[in-house]
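Bear in mind these aren't lab numbers, they're just calculated from the coordinates by the rules spelled out. Keep in mind it's a predicted model, so treat the numbers as computed, not measured. So basically every Cβ, Gly included, is an ideal-geometry build from the backbone, and we count neighbours across all protein chains shown.
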Amino acid sequence: MKIAIASDHAGFPLKAFLVTHLKALGHKVEDLGTDSADVPVDYPDFAAKTADAVIHGKAGKGIVVCGSGVGACVAANKFKGIRAAVCHDTYSARQGVEHDDMNVLCLGARIIGTALAQEIVEAFVDARFSNEPRHVRRLDKIRSFEQ
C-alpha cells in the first residue's frame with residue numbers, strides 16, 4: 001500500500017521511525033516532511049499535505065504526527081473526504097477503519113512511544129472497511145455533512 005506520512009517538528013523523530021518501519025514491511029511511503037526536529041513548523045501545513053495526497057489518490061492512507069495528535073487531527077478533518085482520528089491504541093486504529101472508513105491516522109509523538117506507535121500503525125494499515133450495511137449507512141450520513 002502507498003502511505004503518505006508527515007509531521008511537524010515535534011513529531012519528526014517518531015515519523016522518521018515509522019517511515020523506516022513501514023518501508024521494512026514492504027509499503028511504499030511518501031514522506032511529506034518536515035525534515036527536522038530542530039526547526040519549528042506548523043502542523044496544519046503537514047496535515048494538509050497528507051490530506052491532499054489521500055484525497056487525490058496519491059496514497060491509500062495517511063498518517064500525521066504532531067505533539068499530541070490533536071492539532072493534526074483537527075486540521076486534517078477540515079478536508080472533504082478525510083476521516084481522521086487520533087488513535088493511541090490498536091483497537092481504535094483498526095476499528096476506525098473497519099467501521100468508519102478512517103483514512104488518516106493521527107499520532108501524538110509526546111504521548112506514545114515507538115513500540116506502541118508501530119503496533120497502532122500496523123493495525124491501521126492492515127485494516128479494511130467492512131462494507132457492512134450498518135457501517136455504509138453511517139458513512140453515507142457522515143458524507144452528507146460535507147455537502
> How far is it, in nm, from the label point at His99 to the one at His21 when both lie 7 Å from their Cα along the line to the Cβ?
Replying inline: 2.4 nm
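Loop only by DSSP, 10 or fewer other Cβ within 10 Å of the Cβ. Give me the GluC sites (Glu not before Pro) in region 67-147 that pass, ordered by residue number. Spell out each step's value before the answer.
Details: sites: Glu98, Glu119, Glu122, Glu146; in loops: Glu146.
Hits after loop and neighbour filter: Glu146.
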> How about Lys23: which lysines have a C-alpha closer than 29 Å to its C-alpha, ignoring those fewer than 8 places off in the same chain?
Replying inline: Lys2, Lys15, Lys49, Lys58, Lys61, Lys78, Lys80
> His56 versus Asp126, label points 7 Å from Cα toward the beta carbon: distance in nm?
Replying inline: 3.2 nm
>> Per DSSP helix of 4 or more residues, -39500 (n - 2.57); summed, then divided by the residues of the chain. What does that give at 222 nm, rounded to the nearest 500?
In response: -14500 deg cm²/dmol
> In the set (1) 50, 32, 26; (2) 46, 30, 26; (3) 39, 33, 23, which value of Cα extents along the principal axes in Å was calculated from the structure you see?
Replying inline: (2)
